[in-house]
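J.: Dropping a structure here in structure tokens format, bear with me for questions.
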Amino acid sequence: MSKEKIGLCVCYDTKNFGSQLQVLATQKIVESLGYDYEIIRYKKKLTPVFLLKSLPRLFNPYFVKVKLKKIKKQKSIGKHPEIENQIRLRNQRFQEFVKKYFRNLSSPYLGYGALKRGAEAYDACLTGSDQLWLPGNLGSHFYTQEFVPEQMLKIAYATSFGVSQIPWYQRRRTRNYLNRFQYLSSRELKGSELIQELTGRQSITVADPTLLFSGDDWLSFFPDKRLISGKYIFCYFLGTNKEHREIAAKLKESTGFKIVTIPFLDHFVEEDVSFGDDRLFDVDAADFVNLIRNAEFILTDSFHGTVFSILNHKKFITFNRFREDSKDSRNSRIDSLCSLLGLAERRYQKNIYDSVNREIDYKSVDQKLGKLRENSIRYLSDALMDISGERKKG
């Protein structure tokens, strides 16, 4: 077994089930390929120089929008002390998941200087999946691996821009950091197009890390556990669309199944105070997977809600969380997934009962997924093998 150590630039401590699951999958696939790894913990140091360098972010509309959304959410939740307490409990479950499943954590690198020095301990650095190249993230210089020495191997695995176009004022900086990577891949077809457009280099479209393992593999990670008695519809909505809740209510009426939700993750949605029969807070990422495993139907606007529905061969419908004409739309990741696996009909169109109850040819889906999985693992294996070989681009 190789002793090379990989530094993982991943979003491990976010309060998001999908993010934590793909970090777990990333570390497991790196382990399975025979490499040691460490999740890099970067803690920003609030020095006068750091604050001065951060000022341009205040003029970044993407960054400002994210911050304002968080402030709005906290203000709304503050009006509901009982919900605030429940969310505090759920946040604790997120932290416990980190302690239980992410054991190879680096010592904290406090400040950018310490991060740059710490990078020298690795033989390569890998930026994982998720929307780590969002325009609002550019100012941190972390997921872009700008702290990594020029000669060190830099790999992007399934990294997503989260948007369909790069703002004009970020195109040069984006091109510069992309060109420092020896290996580039994206989770979305649109992401691969953006890489080629900006750098002139080919980029492979690979599977999200969670898709590198089968439903049976995930059973070995998280044993099956039924959290809800009786038949239920699992509604996992991260967006704010009121109509999606109304459609779910119609499905409940036609089936007699109760609705189970995990509310207030990305937004405070007033309807979610009363939407659903069981509103869950005391759950972690393993519980999230089990809620999908044991549901009769899944209605979601989430990428990973869709992923684990597919891995568990469930009947599901995926809604668009964003309007197609929105410049902030992140629908492309689900578009890519459904396109690659032949599941375009699982996007919501009309008549929810007929749509969700339609049989899915999972034999065909698994064949397509198997090829995607094989190509994705080959890409990552080839990239990691280049640690001791010739440094190359492409």
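The values are calculated or read from the model by the stated rules, or taken from the named source; none is laboratory data. Given the structure is predicted, the values throughout are model-derived calculations rather than measurements. Neighbour counts are summed over all protein chains in view; Cβ atoms, including those assigned to glycine, are modelled from backbone coordinates with ideal geometry. The area values use the complete protein model at the heavy-atom level, side chains included, leaving out ligands, DNA and RNA. Shrake-Rupley method; radii C 1.70, N 1.55, O 1.52, S 1.80 Å.
J.: In the structure shown, do any of Lys15/Lys315; Lys43/Lys65; Lys5/Lys116; Lys43/Lys154; Lys252/Lys363; Lys15/Lys70 have a Cα-Cα gap over 18 Å, and if so which?
T.: Going by Cα-Cα distance, Lys15/Lys315; Lys43/Lys65; Lys43/Lys154; Lys252/Lys363 fall outside the 18 Å limit.
J.: In region 218-374, carbon and sulfur make up what percent of the accessible area (probe 1.4 Å)?
T.: 44
J.: A follow-up question, please. Accessible area per residue for the chain in Å², computed with a 1.4 Å probe and the full protein assembly in place, what is it?
T.: It amounts to 46 Å² per residue over the chain.
J.: Then there's this: Can you give me the relative contact order of the chain as a percent, contacts being Cα pairs under 8 Å and 6 or more apart?
T.: About 17 percent, as a whole number.
J.: What distance in nm lies between label points placed 7 Å from Cα along the C-beta direction at Leu219 and Lys43?
T.: Here the modelled spin labels are 4.2 nm apart.
J.: Further, regarding this structure: Within region 358-378, name every residue whose backbone N is under 20 Å away from a label modeled 7 Å from Cα of Lys315 along the Cβ vector.
T.: Of the residues in region 358-378, 358-366 have backbone N under 20 Å from the label point off Lys315.
J.: Expressed as a rounded percentage, what relative contact order does region 178-316 have, with Cα pairs under 8 Å and six or more residues apart?
T.: 24
J.: In nm, to one decimal, how far is the modelled label at Leu33 from the one at Asp361, with both set 7 Å along Cα→Cβ?
T.: 3.2
J.: From a point 7 Å beyond the Cα of Asn104 in the direction of its Cβ, which residues of region 1-42 have a backbone N at a distance under 12 Å?
T.: The answer is 2-9, 24-40.
J.: In units of 2.2 N^0.38 Å, what is the alpha-carbon radius of gyration of region 156-210?
T.: 1.03
J.: ³J(HN,Hα) across region 88-105 via Karplus (A = 6.51, B = -1.76, C = 1.60, θ = phi - 60°), whole Hz, x for Gly/Pro?
T.: 4, 5, 5, 4, 5, 5, 4, 5, 5, 5, 4, 5, 7, 10, 10, 8, 8, 9
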